[in-house]
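Colleague: Let me begin by handing over the structure; questions about it come next.
The values are calculated or read from the model by the stated rules, or taken from the named source; none is laboratory data. The structure displayed is predicted, hence computed values, not measured ones. Don't worry about glycine lacking a Cβ; one is built from the backbone with ideal geometry, like all the others, and counts go over all protein chains shown. Keep in mind that these areas ignore ligands, DNA and RNA; they rest on the heavy atoms of the full protein, side chains included. Shrake-Rupley method; radii C 1.70, N 1.55, O 1.52, S 1.80 Å.
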Number of protein chains: 2
Amino acid sequence: MTIPGSIVPPARLLMGPGPISAYPSVLTAMSAPLVGQYDPFMTATMNETQELYRQVWATTNDATVLVDGTSRAGIEAAIVSLIRPGDRVLVPVFGRFGHLLTEIAERAGAEVHKIETEWGQVFPASVIEEAIVRVKPTLLAVVQGDTSTTMLQPLEDLGAICAKHGVLFYTDATASLGGNAFEADAWGLDAATSGLQKCLGGPSGSSPITLSEKAVAVIRSRAKIEAGIREDGDPDAADFVRSNYFDLGMILDYWGPRRLNHHTEATSMLYGARECARLLLAEGRDAVITRHEIAGAAMLAGVEALGLQVFGDVAHKMTNVVAVEIPEGVAGDAARGAMLDDFGIEIGTSFGPLHGRVWRIGTMGYNARKDTVLTTLAALESVLRRFGASVPAGGGVEAALDVYAGV
Amino acid sequence: MTIPGSIVPPARLLMGPGPISAYPSVLTAMSAPLVGQYDPFMTATMNETQELYRQVWATTNDATVLVDGTSRAGIEAAIVSLIRPGDRVLVPVFGRFGHLLTEIAERAGAEVHKIETEWGQVFPASVIEEAIVRVKPTLLAVVQGDTSTTMLQPLEDLGAICAKHGVLFYTDATASLGGNAFEADAWGLDAATSGLQKCLGGPSGSSPITLSEKAVAVIRSRAKIEAGIREDGDPDAADFVRSNYFDLGMILDYWGPRRLNHHTEATSMLYGARECARLLLAEGRDAVITRHEIAGAAMLAGVEALGLQVFGDVAHKMTNVVAVEIPEGVAGDAARGAMLDDFGIEIGTSFGPLHGRVWRIGTMGYNARKDTVLTTLAALESVLRRFGASVPAGGGVEAALDVYAGV
């Protein structure tokens, strides 16, 4: 094998369901020099990052940290740490990532009960409460935004329902956090997880997580300090978490004042995660959500003006992604290929029943902007026409501009 | 909270047991623009990175990938994917990271048998074979280099022993790979894992792994494609791997031609991991090991010339790190603090019985260089004197220079 040169990625405007193009300053932060894992600067940066993410999550939870892995690492850490084998878990499934929660809970030994609704819909709180009464789960695990369908499950009433029935309330907000309202404390969340590669505008590889005191108490009741660093008097529970890497008790001890060695924190990902939160808070949490709302509304108006049929219940769509039916007679994958090859713009398809049936177009993080919306719509119009669809000239761009003009 | 500015780490020369200062071009690679996860450039980069790591590991194993997490993520992926609950695992423990292997195997439900030797020593192959005959394990799990003691376990005879007794042979080479000989195929390894933050000269957060065909067959026998993307005819084993994130079968399907969605590959970490391997191979595998041997020999000569007592069996020391006893009367942590605060140089202490008793000084990856060795020795001489130790003026630097002069 000839040794290749340094990496030179092609220019891409990532307008799919994520990952999306990172904020330039996040990429700059990723290349900052490393420091040692117990350097005062490192521990101060970890503390500072915790405080930044408390604001992102809208929580006072002390237990607000990063899990070193992609979004599903955070999901697995939450589930495997919160449930014991045999515990009942209720998962409302409204897309592919609901299935993922059932999958992860099943692997962790849970007795998983799911309720399902048609892809493109969400659940009324009453339906979830009925299932809670019937199943009596230890944990309710629900995705906030299921990127496979673009739907956003309303969470604001579920915390009170869970509290009433003594159920832990967990959500995964990977696809939604930063671009849609999220209130960890006000909504009564016991655990929430996310990733950087959607509305937070960073690379995949770090999973922000926050845990309520109730969740931490469950985790602490299963504490087991690992052999090799255990000291006299350290806990050693028999019903320990069935993963070392995802044992949130040990992860909290590493982030907490005891700084008990666990993994070696992924320093560059920490720098990136910190910058994602810093940018969001510097712009303002509400301002960022508004920017996503406007970009999402402009993209929605644009694709509708191009004559595309929007998939699912638009009233419950995430701000940051829209799914459209691929028009009859248009070769979907080839058209996506032309978007990428000719314009350098990526849009996505979806999973399972929606694979090859819809395109998903995202407007998130750094790319929730007027220029990216307009460029994408202009390119899409051109590609649709070339692939045989009948599209009104300039309609998509005009409709999107109208949304921006009306703000 | 006032929103802080962009990250500006202090200048540090990381001469501890790792993480160490990354190669500048690795940091540059970390800030390269993102592409989509199924972009032709992305999948080509994944393929290319696999091929680079095959050369790093000295293997033809098709199943050579990255696990998205820190080194212990790779360890847990290997162990949880290779063993079923109740399987016997044999772990020869000669330091803290041997204990970690027992811990991770125990969490995965294994019946763990360990043999121990004094910290600072390694095992003769015959002792490991005797234990294999007695325990009849499914898996032998052994650390190659245990950074807690600096010892390097010889592996070259263990593959044949494992093959003879029908035992899977796994090693973690996090602390050693790149700075010490490693021959995955020639030594008969079934699984090996590593991390970037030691001799490979990158940040923590990505774990290279390679698996033999025999290991892949075990993993494939437990295949379960997750709900949400499962298609008719896909495997759905009852003895599935008890983790979704660490199910190497699904990770291989994501890296393989089927490109079956699992996690979203951590693009920036991939870029960094690729550059680590690229640099190593461009310099030459043997040349890099020789550079580590020389830097390690120079540091060893330097600390001995400063009158420091080296810990452990020097004949079995890793090239890339040395442990020295903290001299009587010297306040170890304060002296390390002075190294960091006054000179910007980090050295480490160790874990468990060695905490506060030894310092560990690393010469790895980018920092396996003459200038870093000399600078560290000059600073250490100054600090030792200021903290009350009697040290020969210039002796450490002179001794190290002599090693370089003799090369």
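Colleague: Cα extents of region B:46-122 along the three principal axes, largest first, in whole Å?
Modeller: 40, 31, 21 Å, listed from the longest principal axis down.
Colleague: Report, largest value first, the span of the C-alpha coordinates of the protein assembly as shown along each principal axis, in whole Å.
Modeller: In descending order, the Cα extents are 83, 51, 49 Å.
Colleague: So, one more: For A:GLU328 and A:ALA393, calculate 0.36 nm times their separation in residues minus their Cα-Cα distance, and state this gained length in nm to one decimal.
Modeller: 21.5 nm
Colleague: By a straight-distance test (C-alpha under 16 Å), which aspartates and glutamates pair with B:LYS370 as possible cross-link partners, with residues fewer than eight away in the same chain excluded?
Modeller: Counting by Cα, and skipping residues close in sequence, B:LYS370 has these aspartates and glutamates nearby: B:GLU293, B:GLU398, B:ASP402.
Colleague: Further, regarding this structure: Report the Cα-based extents of region A:246-301 along its three principal axes, largest first, to the nearest Å.
Modeller: So the three principal-axis extents are 51, 22, 19 Å.
Colleague: A follow-up question, please. In percent, how large is the relative contact order of region A:133-198, given Cα pairs closer than 8 Å and 6 or more residues apart?
Modeller: 35 percent
Colleague: Regarding chain B, what is the average projected area of its C-alpha convex hull, in nm²?
Modeller: 21.9 nm²
Colleague: Have a look at the DSSP beta bridges in the protein assembly as shown and tell me what percent are antiparallel, nearest 5.
Modeller: Within the protein assembly as shown, antiparallel bridges account for around 50 percent of the total.
Colleague: Among B:GLU183, B:GLU231, B:GLU76, which one shows the highest mean-square fluctuation when chain B is modelled as a Gaussian network with alpha-carbon springs under 10 Å?
Modeller: B:GLU231
Colleague: Report the far tail of the P(r) of region A:197-351, meaning the percent of Cα-Cα pairs longer than 20 Å.
Modeller: Tail fraction, whole percent: 68.
Colleague: On to the next question. Around B:ILE115, which amide H atoms from residues at least 5 apart in sequence, or from another chain, sit under 5 Å from its own amide H, with H modelled in the peptide plane?
Modeller: Amide H neighbours of B:ILE115, under 5 Å, 5+ apart: B:VAL91, B:VAL93.
Colleague: Given region B:95-220 reduced to its alpha-carbon atoms as identical point scatterers, what log10 I(q)/I(0) does the Debye formula return at q = 0.15, 0.17, 0.19 Å⁻¹?
Modeller: Log10 I(q)/I(0), no solvent term: -0.69, -0.90, -1.15.
Colleague: Return the tail of the calculated pair distribution for region A:351-398, meaning the percent of Cα-Cα pairs more than 14 Å apart.
Modeller: Roughly 60 percent, rounded to a whole number.
Colleague: Another one. Ratio of region B:177-289's C-alpha Rg to 2.2 N^0.38 Å, to two decimals?
Modeller: 1.23
Colleague: Pairs to check: B:LYS198/B:LYS317; B:LYS114/B:LYS136; A:LYS164/A:LYS224; A:LYS224/B:LYS214; B:LYS114/B:LYS164; A:LYS198/B:LYS224. Give those whose C-alpha atoms are more than 23 Å from each other in this structure.
Modeller: As for pairs spanning more than 23 Å Cα to Cα, those are A:LYS164/A:LYS224; A:LYS224/B:LYS214; A:LYS198/B:LYS224.
Colleague: While we're looking at this one, here's another question. Take the alpha-carbon centre of region A:196-212, take the same for region B:81-156, and report the distance between them in whole Å.
Modeller: Their Cα centres are 35 Å away from one another.
Colleague: Now a separate question. Summarise the partner chain shielding of B:68-80 as one whole number: the mean count of Cβ atoms from other chains within 10 Å of each residue's Cβ.
Modeller: Whole-number average of other-chain Cβ neighbours for B:68-80 is 5.
Colleague: If you average the sequence gap of Cα pairs under 8 Å that are 6 or more apart and divide by the length of chain A, what percent do you get for the contact order?
Modeller: 22 percent
Colleague: Could you pull out every residue, at least 5 positions away or on a different chain, whose amide H is within less than 5 Å of the one on B:LYS317? Hs are placed 1.01 Å off N in the peptide plane, and Pro or chain starts have none.
Modeller: So B:LYS317 has HN proximity to B:LEU152.
Colleague: Roughly how large is the A-B contact in terms of buried accessible area, totalled over both chains, probe 1.4 Å, nearest 100 Å²?
Modeller: Chain pair A/B: roughly 7100 Å² of buried accessible area.
Colleague: Please list 3J(HN,Hα) in residue order for region B:117-134, calculated via the Karplus relation 6.51 cos²θ - 1.76 cosθ + 1.60 where θ = phi - 60°; whole Hz, with x for glycine and proline.
Modeller: Going residue by residue, I get 10, 4, 4, x, 10, 10, 9, x, 4, 4, 5, 5, 5, 4, 5, 4, 4, 6 Hz, with x marking Gly and Pro.
Colleague: May I ask you to give the average projected area over all directions of the convex hull of the Cα atoms of region A:1-140, in nm² rounded to one decimal?
Modeller: With every direction weighted equally, the projected area is 13.9 nm².
Colleague: Okay, next question. Where the label is 7 Å out from Cα toward Cβ, how close does B:ASP371 come to the same position in every other copy, in nm, shortest first?
Modeller: Inter-copy label distances (nm, one decimal, shortest first): 3.9.
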